[in-house]
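K.L.:
Got a structure for you, written out below as structure tokens; questions coming shortly.
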Amino acid sequence: MIPLTMKTVLPLFLLFLSFSIGVAQTTDPRCVQTLRTARATYEQGRLHEMQSLLDDCLNNFSKNERIEAYKLLVLTYIYLEEPQKADEAMLDLLRTDNFFKPSDVDPAEFRNLYAKFRTKPVLSIGVRGGMLSTRVHVQEHYTVFANSQGKGTYKSNARFVGGLAFEKSILKDKIVLAPEFLLSGHSFTYANKEAFSDDNTADNVSDATGLEAIIQQSTFQFNLIGNYMFKKTLLRGLVQPYAGAGLATSYMGANSSKFLGELQLEPRGDDVSGAELDNTDNYKSLNFAGVLLVGGKIKIATVYLTADLRYYYGLNNIVNTDNRYKMEGDNIEILTRYGYVNNDFKINQASISIGLIYPYFNPKKLIK
């Protein structure tokens, strides 16, 4: 048996791909000749023969051949002064190739007719996903044990973000409204080596000197973003760069925040981890952030691949101050066993994400 290595699999895959493309583009030989005849007939000015010549093959052409055939029919009907048939042929052309654009060498009459049709996407929809990191910005320090106040540190943990993305072009395609519905979250590690640095009478923490805790939060996020599409492209026209700004609104539902604590014990030198605790009530359900981003868009076949870098700047303290020292539920153990209490803080985040955007077209004539 031949071992399946990259050297054997890649050539087989390319051979299969070439065969598949070849089959997909196979056209009835009679229709290939018909298109050649149609070109000659058009150039000779025998326009009244064009429709009957092409009708039988329109459904048997490859996509590129069908585009050329419809283009010949549009020009034919323009010169025969049959505007209704010219409009129908233009619609067929735009439905065959949503991304069709006339070139500068096309007749002015053809370009003028094209300009009367809606040729831009009505709406684009896709998926977006990536990774983000969280930075805690402390506004005011609080503590359970007085000597530990202000001695804790925060470290960012990576989290996944993903969901649905929409796009709608406005203002001559210079501005794109881009609302998003994402599943996101925050994750950070809090460490305080002197969490129990003053008198402590609780048996379960009598040997504890420090604490390390991971806070994990899940949120449903709605982003309303406006992107400015730069006219100048990059990499020989392949990449359409853009920059954007907007507002992110995140909602944290029930059981959306978890506390995973670990006590650092001395003199034994070992650590003790406890069960996962729910501390959702210690945070506000609704939080806001400003968003800044830069990115680029590449067309691949009938979809767009996007990639961007983002920064979320927290606009409010996310801590529920009314529940900071509340002795209820899991918060009892968080306070008494782990000596943890939330400082007042905002959340800032940086992310990198990629997406696939599918544009939905619905061509129609806009100008009579």
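K.L.:
Restricted to region 79-98, and to residues that are among the polar types (S, T, N, Q) and in contact (Cβ under 8 Å) with a residue 24 or more places away in the chain, which residue is surrounded by the fewest Cβ atoms within 10 Å (Cβ to Cβ)?
P.N.:
Restricting to residues being among the polar types (S, T, N, Q) and in contact (Cβ under 8 Å) with a residue 24 or more places away in the chain, the top hit is ASN98.
K.L.:
Restricting attention to region 229-248, does a residue exist that is open to solvent by less than 70 Å² (accessible area, probe 1.4 Å), free of Cβ contacts under 8 Å to residues at least 60 places away in the same chain, under 20 Å from PHE188 (Cα atoms) and in a loop (DSSP other than H, G, I, E, B)?
P.N.:
Within region 229-248, none of the residues are open to solvent by less than 70 Å² (accessible area, probe 1.4 Å), free of Cβ contacts under 8 Å to residues at least 60 places away in the same chain, under 20 Å from PHE188 (Cα atoms) and in a loop (DSSP other than H, G, I, E, B).
K.L.:
Out of (1) hydrophobic (A, V, I, L, M, F, W, C); (2) under 30 Å from LEU94 (Cβ atoms); (3) under 16 Å from the mean Cα position of the chain (by Cα), what's the single condition that is false for ALA245?
P.N.:
(2)
K.L.:
Working only within region 43-78, note down all residues that are among the hydroxyl-bearing types (Ser, Thr, Tyr) and open to solvent by 50 Å² or more (accessible area, probe 1.4 Å).
P.N.:
Result: SER52, single match.
K.L.:
Restricting to region 352-368, count the residues that are of a type in the set (Val, Ile, Thr) and buried (at least 18 other Cβ atoms within 10 Å of the Cβ).
P.N.:
1
K.L.:
Which ranges mark the strands (runs of 3 or more DSSP E) fully within region 262-351 that have 3 or more residues being modelled with pLDDT of 95 or more and open to solvent by less than 20 Å² (accessible area, probe 1.4 Å)?
P.N.:
286-300, 303-314
K.L.:
Name, by its number, the condition in (1) in contact with a helix residue (DSSP H, G or I) (Cβ under 9 Å, 6 or more places away or on another chain); (2) under 30 Å from PHE196 (Cα atoms); (3) surrounded by 14 or more Cβ atoms within 10 Å (Cβ to Cβ) that does not hold for MET252.
P.N.:
(2)
K.L.:
Sort through LEU171, LEU182, LEU164 and tell me the only one that's surrounded by fewer than 15 Cβ atoms within 10 Å (Cβ to Cβ), more than 17 Å from ASN279 (Cβ to Cβ) and at pLDDT 95 or above.
P.N.:
LEU164
K.L.:
Can I ask one more? How about region 108-155: which of its residues are open to solvent by 30 Å² or more (accessible area, probe 1.4 Å), small (Gly, Ala, Ser) and more than 28 Å from the chain's Cα centre (by Cα)?
P.N.:
Within region 108-155, ALA108, ALA115, ALA146, GLY150 qualify.
K.L.:
Residues of region 1-54 being assigned to a helix (DSSP H, G or I), modelled with pLDDT under 90 and not hydrophobic (A, V, I, L, M, F, W, C), which ones?
P.N.:
LYS7, THR8, PRO11, SER18, SER20, GLY22, PRO29, ARG30
The values are calculated or read from the model by the stated rules, or taken from the named source; none is laboratory data. Values in this document were obtained by computation on a predicted structure and should not be read as measured data. Cβ atoms come from the backbone with ideal geometry, glycine included; neighbour counts cover every protein chain shown. The protein model used for the area step is the full one, side chains on, heavy atoms only, and it has no ligands, DNA or RNA in it. Shrake-Rupley method; radii C 1.70, N 1.55, O 1.52, S 1.80 Å.
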